[in-house]
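The values are calculated or read from the model by the stated rules, or taken from the named source; none is laboratory data. Please read all numbers here as calculations on a predicted model, not as lab measurements. Neighbour counts run over all protein chains shown; Cβ positions are idealised from the backbone, glycine included.
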Amino acid sequence: MLMNSNGTVKSTVEINDSTANGPALHNNDEFGISVADIGDLDGDGIQDIAAGAVFDDNGGTNRGALHIMFMNVTYTTAGQ
């Protein structure tokens, strides 16, 4: 999420099961029930995030999962 200098939200990006390279999710996984800024784990200068999916079934029914997402930045110019 990008912030304007006055603290208002400039833009957001949704991460869901159709996001390129995103997590494989199901309707009841509750992906994003918890989210944390985990710093720049891969050293590319961009903060990475961790998101919980408390009812993820990978590995067993409702065992839950923690998704680590190595973020990137895409810059666009208005009108392009």
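Conditions (1) touching a helix residue (DSSP H, G or I) at 6+ places or on another chain (Cβ under 8 Å); (2) at pLDDT 80 or above; (3) not charged (D, E, K, R); (4) not in a loop (DSSP other than H, G, I, E, B), marked per residue:
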{"site": "Ser5", "(1), (2), (3), (4)": "no, no, yes, no"}
{"site": "Val13", "(1), (2), (3), (4)": "no, no, yes, no"}
{"site": "Asn16", "(1), (2), (3), (4)": "no, no, yes, no"}
{"site": "Asn27", "(1), (2), (3), (4)": "no, yes, yes, no"}
{"site": "Ala36", "(1), (2), (3), (4)": "no, yes, yes, yes"}
{"site": "Gly45", "(1), (2), (3), (4)": "no, yes, yes, no"}
{"site": "Thr61", "(1), (2), (3), (4)": "no, yes, yes, no"}
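Which ones in the stretch 47-59 are assigned to a strand (DSSP E or B) and under 15 Å from Asn16 (Cα atoms)?
Across the stretch 47-59, the qualifying residues are Ile49, Ala50, Ala51, Gly52, Ala53.
Yes/no matrix, rows are residues, columns are (1) surrounded by fewer than 16 Cβ atoms within 10 Å (Cβ to Cβ); (2) without any contact (Cβ under 8 Å) to a residue 40 or more places away in the chain:
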| residue | (1), (2) |
| --- | --- |
| Val35 | yes, yes |
| Ile38 | yes, yes |
| Leu41 | yes, yes |
| Asp44 | yes, yes |
| Asp48 | no, yes |
| Asp57 | yes, yes |
| Asn62 | yes, yes |
| His67 | no, no |
| Asn72 | yes, yes |
